[in-house]
1. Mind checking which helices (runs of 4 or more DSSP H) fall wholly inside segment 219-288 and carry at least 1 residues that are of a type in the set (Gly, Ala, Ser)?
2. Taking the criterion of being assigned to a loop (DSSP other than H, G, I, E, B), touching a residue at least 60 places away in the same chain (Cβ under 8 Å) and within 24 Å of ALA219 (Cβ to Cβ), would at least one residue in segment 155-163 satisfy it?
3. Out of curiosity, is GLY210 under 19 Å from the mean Cα position of the chain (by Cα) and crowded, with 24+ Cβ neighbours inside 10 Å?
4. Looking at (1) more than 23 Å from PRO253 (Cβ to Cβ); (2) within 14 Å of the ligand (Cβ to nearest atom); (3) assigned to a helix (DSSP H, G or I); (4) out of contact with any helix residue (DSSP H, G or I) (no Cβ under 7 Å at 6 or more places or on another chain), can you tell me which one GLU202 breaks?
5. Among the residues of segment 230-274, how many are buried (at least 19 other Cβ atoms within 10 Å of the Cβ), among the aliphatic types (A, V, I, L, M) and at pLDDT below 90?
6. Right, ARG98: in contact (Cβ under 8 Å) with a residue 40 or more places away in the chain, charged (D, E, K, R) and more than 16 Å from the ligand (Cβ to nearest atom) or not?
7. Return the residues of segment 164-179 that are more than 14 Å from the chain's Cα centre (by Cα) and in contact (Cβ under 8 Å) with a residue 24 or more places away in the chain; say none if nothing qualifies.
8. So which residues in segment 71-83 are farther than 19 Å from PHE112 by Cβ and in contact with a Lys or Arg (Cβ under 9 Å, 6 or more places away or on another chain), if there are any at all?
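The values are calculated or read from the model by the stated rules, or taken from the named source; none is laboratory data. Not measured: the values here are computed from a predicted model. Note: ideal-geometry Cβ built from the backbone for every residue, glycine included; neighbour counts use all protein chains shown.
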Amino acid sequence: MKWEGNRQSDNVEDRRSGGGGGFIGGRSIGIGTVVIALIGWGVFGINPLTTIGVLSGGGEPQVQQQGPASAPPAGDRQAAFVSTVLASTEDVWGQIFRQGGAQYRAPKLVLFRGATPTACGTGQSAMGPFYCPGDHKVYLDMGFFDTMSRQLGAPGEFARAYVIAHEVGHHVQALLGTTAKIDSMRGRVSQRDQNQLSVRLELQADCYAGVWANHSQQARQWLDQGDIESAINAAEQIGDDTLQRQQTGTVRPDAFTHGSSAQRVRWFTQGFKTGSVQSCDTFGAQAP
Ligand SMILES: [Zn+2]
């Protein structure tokens with residue numbers, strides 16, 4: 001992926017280190033918790049905050065105090081990569097919203113380590129990257145990229161770009177009112193149906209990531225051979241069935257919250273092929 005030299009976003013907020021930010025917490029979460037979290041949440045969740053106490057063993061999570069927002073330091077290559085991908089999502093979604101007669105309000109992306117306060121409660125690295133609709137921010141511990149490469153079998157820069165684009169997809173859902181609509185249905189349906197709604201929401205975010213990939217490639221011509229495959233591979237490796245099989249040896253479709261590997265691959269590919277938001281109607285589809 002030829003990302004270097006492209007515009008970087010101003011919307012990255014770096015909470016990774018002290019620098020006056022009053023850093024208390026640390027990387028207190030071990031690999032074991034990451035694994036547990038991946039079973040519970042799948043990856044790239046939305047608003048994943050009700051089980052934090054469970055994941056952290058019931059103890060109080062250590063939280064970084066919120067200092068003034070600051071941009072990542074120059075020369076931080078991985079942060080520059082994240083900023084560049086985020087900037088591309090701003091350009092792509094800005095254009096798509098404009099064409100639809102609306103205005104796109106870009107999300108902030110918070111880089112953190114360990115734990116950090118969010119409008120949805122305390123966010124933790126162990127949950128994997130997530131989006132909080134309450135403050136319109138994407139939360140990312142870039143250590144997750146190592147987890148992808150080393151534990152999840154999903155290496156590659158464009159696989160990482162897909163993660164960011166998926167979270168931005170949740171932001172688009174929030175702007176379009178989809179998230180609120182689904183939230184209002186949650187309390188009235190069974191756990192099984194809640195999971196189904198969650199799957200459709202997640203698959204739509206995958207499709208939106210594909211839509212972004214399509215438009216960003218048209219604008220930047222930055223994909224190399226194998227890049228799309230690395231994103232598709234990531235979608236496959238983080239399918240609920242694949243993760244369940246790895247972690248527990250069995251597959252329980254009723255417990256899916258993000259979709260199977262085949263579904264995640266299909267919807268990302270759908271968005272990438274069409275470049276069309278309308279093609280991402282996972283709620284209208286009989287069986288997504
Ligand atoms: Zn998600």
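1. 227-237, 261-274
2. Taking every residue of segment 155-163 in turn, at least one turns out to be assigned to a loop (DSSP other than H, G, I, E, B), touching a residue at least 60 places away in the same chain (Cβ under 8 Å) and within 24 Å of ALA219 (Cβ to Cβ).
3. Values: under 19 Å from the mean Cα position of the chain (by Cα): yes; crowded, with 24+ Cβ neighbours inside 10 Å: yes.
Answer is yes for this residue.
4. That leaves (1) as the condition not met.
5. Final tally of qualifying residues: 2.
6. Considered against the rule, which asks whether it is in contact (Cβ under 8 Å) with a residue 40 or more places away in the chain, charged (D, E, K, R) and more than 16 Å from the ligand (Cβ to nearest atom), ARG98 comes out as no.
7. LEU175, THR178, THR179
8. none
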